[in-house]
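Bear in mind that the values in this text are calculations on the coordinates, not laboratory data. Keep in mind that this is a model prediction, so the values were computed, not measured. Quick reminder, even Gly has a Cβ in these numbers, built from the backbone with ideal geometry, and neighbours come from all protein chains shown.
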């Protein structure tokens, strides 16, 4: 009751008033939802959410607090959070603080106490939309709607190169504690640290390079393999990464994850398109078209690959909407997946893909 | 992949009578399996001794045998029916045990075990083999050993230390199990476990008590694809049986890493076991370190899988059945979203399950632990934990004296107050409200994760805030809304604010504080879904939009959690009503909150509201569905729905279908009923009413001792007592007054040596038909639910029978019965007396329906929407072709310290049914199916009053060696070799409690009625006496033959 209020405004003019939590300022972003029931900290620190306002479909967020072990990057990249309830008393041995406090530290606003199911239903029906979180301290809802109208109109997620914003500016090396077996270059389009951890745990010395690193520079370091990471935004804007990938492919083994998959797709001659509301959750079923086997995967993407050239294998398919989930091109030692084999958050069913990649090195 | 095409006929086992640890969940899974099989054009043969099941309907399975589930009987059925396959995993432990015993028979008859195999079952059930597999898979298990003797157990304890967890091998629901903290305790528990175990083995392991308990429901297909449908977190720590725990889904306190660590482990285990179908995996998680242990697996449908299905909307039994037929997960459709069943449901709500215990019936202690004692459970869905928890509590229909009990317990020293008991969460709430203990201390004392205690503290805070709420301004309305969102019922708001219900209702109306309804759709709204499955919450938008169209709607109220006195039979009736009305073109809407049952399968009705069955919740649903609403059916939900009749008619425009509200009142209001019987000239047993003890004494004098006293408007004979004199009356009447909650206590004269009769009938307001006149085997005074019943009757004179028919028709006509009606009478010689009329479904409806081959609940449902008996083609109901008997099943083995003597208080949890060529044979078969046949040829007969000599003579005639002990004599020296105990009859000296416990612990069957003892000995004599019993050629009669009228 006593809490300050904020309003979530959608570009179609609809709005939802709730409690203002996190940092009390206004924010703009593409409104998306995630259906995972755990893993809010991993999502908050996932650079792929840059430029988006994330609605958690699961109503209870923050139950087990914020742990130093569950960071996917050093900060929160998304623009704002929408939730039904934030836990005021998180209890977990690893927890250092609550989610509200965590958002405040990184200046991220949240609007809480909303009918998030209604919001998810809306996004599902009409697709992702530009949206804003506007503080209501000293403002009426009408004023808030008015003040956000113009900026919402001008907001175009697909035209912003978020990768440049979230990618490292300088290369960084991660070494295994012992038994280094391979050297891998990881192109950071907004990489989740779990990808680095998976590679390092398999004996790879991982050199994480900025997304705009040129192909010949990557090849010059003579890596055993190259990984294109996940990241935010429209893959069609990734011309520089696609160019470097095109240069590398066929010369060393390449593994693409999420945005990396879309970059590899473009490099191999496929196209990408925007999904109505994307795939964001921990329960997306994927079938291996070669073996018939099914996997549950963790996903976070708003675009998908299509028009796959004949010489490239349409390897994996989403069982829900039949969209492409993976490519392979064995002659060029390239494979890529739309989902997150590193999980975090989500099921660990497809971690073996890192083993498959390691075998190619 | 194509299904296994060679399979054309499948044998499906049921789980038998409802017992603690095996309840309605197996009718739910079995019925779903039947439908999944029939969709594939497969002929289904079903065996189950429990008539109150949907799976034993000929509309569900093709060939039905209501027969005992012993392996010999099932073997004979296999030889008769020659099925191609059998599914073992839909019938709980009973199904697994029988299938394992039948392994040779199955091979001999070329019956393929479909889905999870016998090898997998044995691997999962054999602790040693299972442990070996876990070690091979690298899964952590606690140190354990199987012990044949106490010495072996001592050795284990010496090596691994205390505390230890001890279980009986191959036993249901933690029977005879416990945690031992001292060497003495260990010897005591271990001794009992060895005795109770089917294999003579006690399983001893290092106790994981105090850790968090988590469960995962995994499905695996034969192509090794795996999904986890749901994970569930027990609020109560390890050491409290999961069936006794409050359970929440999904888990609330696990981090993503922990969630998936356990998920990955669960899948690894299920793959290691090669399960083909569903499997429940239980873990203990030490939340101080993050380390886990595998506790156990159940490679079958279970109580948890039923809960998981209802919690997520994912039909586990259906999918497991398709997998058993050879389908891959990816080939099976998720009919909710039209997507693949190869996915994991995502929830955007919280589910809470709370068990319902029979401590109000089997008093002695309300403590809970490693053994299951609860009879049923209720589930609630909310958008927050607080909301779901509050809704679950109010769905529970707690014992009437819970407030008083809570207050008493809260006064105890903390350790005792917070010891695991039925009332623990009430006590925690009270202690927090009184500021006696803080959250951390409660968490430490109970082992319940602090997160949950914090949530209860939030509920307590909301209550405090309400106490300050003036309920005047819009701001106050926001406060009330906040309380609503924290799960507060109207009644709790009244209590906290001191306002009346009328005031709260009008305030809520003024400020628009109405619940909205959200859909359970398996996917957190990610996809458009077609599930007609809803729950209420307090949010802006509603998914439950009344359907367009001209279809008339009928709302059918269910019966809530299963408890003694209100069992699965009401769910059976509810489902029948839905089926009949759907077929007749109505849109059917069910409100219920029992996750175990068939009625809450969202495939059954057109719409399911998973809600508490309290007036406000029902009214909220009626408000959504008001257009084209024909009315509400209240006859099939037991006392739960009958209690809502007045509230619904006074507060909504909805019509109560069936017998008029006024007639319902006549039947339950003693004064009005007495006046009616006087007008009709139907004799009644002398009776009166009293509000307090002094009135009761006066009334008892007037009606004449002995007297039977009972509260009015109360279910199944609770707090009902017999008194032979004033002293006894004074001793017992207080409890009946308490249970009456302000309503009067009824004092009846008690008829000795009479035969009690149950009459089930159907009326349409003009015509009335008798479906069955059942003779109770037990004497008057024994609760009808605890008595065996015979159809046709055999002790009634022709004159008495004709009076029974005459009175029944007169009463039904006078009350203008529309739908079902049950009349209880007593016959003494040619004289017949009316005991009571219940204008609703009775416990015997499934039994009668199956005996005569007419589903009378369906007929009754149609009568209630105006389709007359004539229109339905009934001018009379057929007579049964065979003799039919039902026999009760008692939960004593779970309550070794309970008193097994007969009383008017119902104690049985379920019943078996059998057909026979004679009543003797049917009786014998029903008793056999209930597991109560003598175990040896030696019976112990204690005092049986004036019947003692006759009973002993009959026992001897049946070939038994009789040990007779005078009830007043000192203790029975030994029960060694005794195969049956005859003791505890009404009106006899009190039972010897020490003997009672010994008999129960030794699993010796008990007969506690004069007529029951005689009927049993006569029946055994009729097939050649005890020594011929095992060779007796008992008939096997299919329901198809029995219903071939």
Using all alpha carbons of the range B:686-749, what is the percent of pairwise distances in each 10 Å bin, ordered from the shortest bin to the longest? 28, 61, 10
Cα gyration tensor, the protein assembly as shown - rounded (a/c under 1.5), prolate or oblate: prolate
Suppose we look only past 17 Å in the calculated P(r) of the range B:401-473. What percent of the Cα-Cα pairs does that tail hold? 43
For peptide B:324-331, how many partner chain Cβ atoms fall within 10 Å of a residue's Cβ, on average? 2
Expressed in nm², what is the orientationally averaged projection area of the convex hull enclosing the Cα positions of the range A:163-360? 9.9
With a cut-off of 8 Å between alpha carbons and a minimum separation of six or more residues, what is the relative contact order of chain B in percent? 10
In whole angstrom, the spacing between the Cα centers of the range A:245-321 and the range A:203-239 equals 17
On average, how many beta carbons from a partner chain sit within 10 Å of the beta carbon of a residue in B:383-390? 2
Enter the Cα centre distance for the pair the range B:271-300 and the range B:548-580, rounded to the nearest angstrom. 35
Among A:198-204, A:158-164, A:185-191, what's the highest-first ranking by average C-beta atoms within 10 angstrom per residue? A:185-191, A:198-204, A:158-164
Is there a simple number for the mean count of other chain Cβ atoms within 10 Å of the Cβ of residues in A:35-43, and what is it? 6
When the Cα centres of the range B:1010-1045 and the range B:188-266 are compared, how far apart do they sit, in Å? 41
Per-residue Cβ contact counts at 10 Å, fewest first, order B:599, B:687, B:346 as B:687, B:346, B:599
Answer rounded, prolate or oblate for the range B:9-114, using the Cα gyration tensor with square roots of eigenvalues a ≥ b ≥ c: rounded when a/c is under 1.5, else prolate when a/b is larger than b/c, else oblate. oblate
Taking other Cβ within 10 Å of each residue's Cβ, how do B:633, B:354 sort, fewest first? B:354, B:633
Given axes a ≥ b ≥ c from the Cα gyration tensor, I'd like to know whether the range B:553-637 is rounded (a/c under 1.5), prolate (a/b larger than b/c) or oblate. oblate
Averaging sequence separations of C-alpha pairs under 8 Å and six or more residues apart, then dividing by the length of the range B:139-352, give the relative contact order as a whole percent. 19
Residue-averaged 222 nm ellipticity for chain B, from DSSP H runs of 4+ at -39500 (n - 2.57), nearest 500: -11000 deg cm²/dmol
Report Rg(Cα)/(2.2 N^0.38 Å) for chain A, keeping two decimals. 0.98
Taking the Cβ of each residue in A:33, A:357 as the centre, tally the other Cβ atoms inside 10 Å and list the residues starting with the fewest. A:357, A:33
